[in-house]
Amino acid sequence: MEKPDNNARKLARLAAVQGLYQLALTGEQPAALITRFRADPAVFLQEDSTTIAVDRDMFGVIVSGVNDNVVDIDAMIAGAVDARLSPGRMEPLLKAILRAGVFEIQHRADVQTGIIINDYVDVAHSFFDAKEPGLVNAVLDRLAKTLRS
């Protein structure tokens with residue numbers, strides 16, 4: 001049985017990816033998105049916000065952290081993928097998953113690498129059926145070996 005705080009973190013990761021995707025599509029400011037999510041997590045999670053246990057602070061850390069470090073994160077992703085799949089050519093949702101994962105691997109030393117990678121592979125499975133979850137696993141694993149060595 002998983003601890004509630006682990007589930008709250010998984011939900012925060014899922015919501016953060018959806019938030020990053022929305023930012024990419026709309027150009028909304030991260031601070032406004034974070035404020036909206038903290039008031040009502042149901043904007044990204046299809047659950048009753050009165051019963052949902054989601055780490056609202058973690059959502060904000062991921063969204064603002066990715067936004068503040070996006071150039072460096074994209075450079076790391078570009079170095080870990082085939083040139084034909086550079087971040088500029090990548091599907092926005094896949095890019096959001098990778099960006100969030102790379103941010104956490106680089107900036108959340110308090111969280112085990114395996115947990116971060118596994119949770120983002122699960123997020124990828126939520127949206128993709130094909131090769132994308134394997135790509136997420138491979139890229140995050142490759143970068144974790146460099147960033148956490």
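What to note about this one:
Matching residues to (1) closer than 23 Å to residue 140 by Cα; (2) out of contact with any helix residue (DSSP H, G or I) (no Cβ under 6 Å at 6 or more places or on another chain); (3) charged (D, E, K, R); (4) modelled with pLDDT of 95 or more:
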{"residue": "45", "(1), (2), (3), (4)": "no, no, no, no"}
{"residue": "52", "(1), (2), (3), (4)": "no, no, no, no"}
{"residue": "55", "(1), (2), (3), (4)": "yes, no, yes, no"}
{"residue": "68", "(1), (2), (3), (4)": "yes, yes, yes, yes"}
{"residue": "72", "(1), (2), (3), (4)": "yes, yes, yes, yes"}
{"residue": "79", "(1), (2), (3), (4)": "yes, yes, no, no"}
{"residue": "85", "(1), (2), (3), (4)": "yes, yes, no, no"}
{"residue": "98", "(1), (2), (3), (4)": "yes, no, no, yes"}
{"residue": "105", "(1), (2), (3), (4)": "yes, no, no, yes"}
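- Scanning segment 1-43 for residues that are of a type in the set (S, T, N, Q), at pLDDT 90 or above and more than 20 Å from residue 90 (Cβ to Cβ) turns up 29, 35.
- Positions within segment 13-48 being surrounded by 17 or more Cβ atoms within 10 Å (Cβ to Cβ), touching a residue at least 60 places away in the same chain (Cβ under 8 Å) and among the hydrophobic types (A, V, I, L, M, F, W, C), in sequence order: 14, 16, 17, 20
- In segment 80-103, the residues that are of a type outside the set (A, V, I, L, M, F, W, C) and either touching a residue at least 60 places away in the same chain (Cβ under 8 Å) or outside any helix (DSSP H, G or I) (or both): 82, 86, 91, 92, 95, 99
- Against the numbered list (1) in contact with a Pro (Cβ under 8 Å, 6 or more places away or on another chain); (2) crowded, with 21+ Cβ neighbours inside 10 Å; (3) at pLDDT 95 or above, residue 64 comes up short only at (2).
- Members of segment 123-149 found to be out of contact with any helix residue (DSSP H, G or I) (no Cβ under 7 Å at 6 or more places or on another chain) and surrounded by fewer than 17 Cβ atoms within 10 Å (Cβ to Cβ), listed by number: 129, 130, 131, 134, 138, 145, 146, 149
- Enumeration of residues in segment 94-109 that are hydrophobic (A, V, I, L, M, F, W, C) and surrounded by fewer than 19 Cβ atoms within 10 Å (Cβ to Cβ): 109
The values are calculated or read from the model by the stated rules, or taken from the named source; none is laboratory data. What you see is a predicted model, and the numbers here were worked out from it, not measured in a lab. Note: ideal-geometry Cβ built from the backbone for every residue, glycine included; neighbour counts use all protein chains shown.
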